[in-house]
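Take a look at the structure set out below.
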Amino acid sequence: MTLTEDLKKHALDAGFVSVGIATPNMLRGLPHGPVSTVINLRTPEEELPTVNSVVLLSYYAWDKSFNLSVDSVYLPNRDKYTPKVPKEHYQLYYEVLKNKAWTIVDYLTKQGYESRFSLAIPLKTSAVRCGLGCQGKNTLLITPTHGPRTRLIGILTTAELVADETFKDDLCGTCEKCITACPTKALEPYQININRCLAYAAEEPHAPEVPEDVRKLEKKLIRRPTSNSYIECSTCIEVCPIGKSLKNETRT
Ligand code: B12
């Protein structure tokens with residue numbers, strides 16, 4: 001078995017549902033820099049200067065509770081939160097992704113390759129470049145088997161792995177269920193208005209750029225299991241017909 005085959009087997013055994021490999025060259029020109037106040041997207045080389053291969057891994061998030069987000073500091077009254085308190089959240093799916101990715105990083109490190117995982121490279125567009133799926137009208141990665149129901153993580157490594165081919169199809173066709181279902185009308189085909197997305201509104205409880213009507217819907221629709229946690233909106237995922245029939249998905 002080659003290193004590439006063995007690595008892919010390890011990833012599937014670890015619970016990832018698909019694996020794609022790109023060279024850093026294949027990822028040139030992808031989105032880079034700040035995305036609103038959410039993240040500063042980085043290139044593979046910024047993450048690991050000696051990188052030779054980028055591995056994209058997708059994990060099936062079969063339950064809404066994967067979208068649980070917990071404030072990392074105790075905020076007795078979230079509405080009175082001030083920017084003096086560092087803003088940070090633990091998101092369940094990120095913790096699961098990191099745990100699983102560690103096993104692959106460990107495997108590559110033991111083979112003698114410098115390796116690290118990254119959540120800061122542009123994961124959706126990178127995943128398209130290495131064949132996992134297409135970017136859908138909800139802007140998310142849609143895979144042929146799981147639709148948008150996966151969460152993504154990248155691994156950067158000095159190992160020279162065999163790259164996969166770019167995904168060429170558009171899986172959405174004429175469907176626009178995500179566009180019509182979005183409660184705040186944040187989506188246009190293949191584009192999102194971040195300030196109208198409930199995920200952004202919930203993450204940024206005091207952002208003045210979030211319109212008043214969106215703030216009202218956030219208060220009404222976002223479920224808060226405790227005063228320091230909430231379930232992120234995933235309506236544009238749940239309505240997507242691709243992968244909806246997977247057996248163990250729970251809908252509440
Ligand atoms: C910033 C961010 C957000 C922001 C902004 C969303 C956004 N689309 O950028 C906010 C807070 C709103 C957000 C919300 C959500 N997010 Co988010 N988010 C990210 C993050 C950190 C970066 C995304 C990014 O690259 N944005 C940059 C812009 C430029 O990219 P873009 O929207 O893809 O825009 C391109 C397309 O529009 C594209 N395009 C493609 N085809 C076409 C065709 C036409 C005609 C046009 C005009 C454009 C176009 O052109 C643009 C430029 O390249 C990633 C993690 C990561 N490191 O990648 C997670 C990520 C994308 N989020 C994720 C998820 C799950 C969500 C939510 C469902 C919330 C949740 N429950 O977690 C919602 C979904 C909202 C949505 N429909 O996008 C997952 C998506 C998994 C997947 N299968 O794709 C990711 C990958 C996190 C992860 N580790 O798994 N998110």
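All of the numbers you see were taken from the coordinates with simple rules; none came from a lab. The shown structure was predicted, so the numbers you read here are calculated from the model rather than taken from an experiment. Reconstructed Cβ throughout: ideal geometry from the backbone, glycine too, with neighbour counts over all protein chains shown.
Here are the numbers for this structure:
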quantity: Of GLN135, LEU56, ASN25, farthest towards positive along the dipole that unit charges on Lys, Arg, Asp, Glu beta carbons give the chain; calculated: GLN135
quantity: Nonlocal amide H pairs with THR184, under 5 Å, H built at 1.01 Å; calculated: none
quantity: Added length on full extension, which subtracts the Cα-Cα distance from 0.36 nm per residue, ALA207 to SER245; calculated: 10.0 nm
quantity: ³J(HN,Hα), Karplus 6.51/-1.76/1.60, whole Hz, each residue of region 34-43, x for Gly, Pro; calculated: x, 10, 6, 9, 7, 7, 10, 5, 10, 7
quantity: Packing-based exposure ordering (other Cβ within 10 Å, fewest first) of MET1, MET26; calculated: MET1, MET26
quantity: At most 14 other Cβ within 10 Å, DSSP loop - chymotrypsin sites (Phe, Trp or Tyr not before Pro), region 165-248; calculated: TYR190
quantity: Dipole of region 131-173, positive direction: furthest Cα of PRO148, LEU171, THR158, with charges on the beta-carbon; calculated: PRO148
quantity: Approximate spin-label separation SER36-ASP169, in nm, with each point projected 7 Å along Cα-to-Cβ; calculated: 3.1 nm
quantity: Cβ charges +1 (Lys, Arg) and -1 (Asp, Glu), total dipole of the chain, debye; calculated: 780 debye
quantity: Long-range tail of P(r) for region 3-238 (Cα pairs > 33 Å, %); calculated: 20 percent
quantity: Percentage relative contact order, the chain, counting C-alpha pairs under 8 Å, at least six apart; calculated: 24 percent
quantity: Per-selection Rg to Rh, region 1-64 - Cα, Kirkwood hydrodynamic radius; calculated: 1.04
quantity: Restricting region 147-207 to GluC sites (Glu not before Pro) in coil, as DSSP defines it, with at most 12 other Cβ within 10 Å; calculated: GLU160, GLU165
quantity: Inter-label distance for GLU114 and ASP63, nm, one decimal - labels placed 7 Å from Cα along Cα-to-Cβ; calculated: 3.9 nm
quantity: Exceeding the 32 Å Cα-Cα cut-off - candidates LYS100/LYS220; LYS100/LYS137; LYS9/LYS168; LYS168/LYS216; calculated: LYS100/LYS220; LYS168/LYS216
quantity: Long-range HN-HN contacts of THR143 with modeled amide H, under 5 Å; calculated: ARG149
quantity: Neighbour-limited loop hits for trypsin sites (Lys or Arg not before Pro), region 200-249 (at most 10 other Cβ within 10 Å; DSSP other than H, G, I, E, B); calculated: LYS247
quantity: Sequence-distant residues sharing a close amide H with ASN228 (under 5 Å, placed H); calculated: none
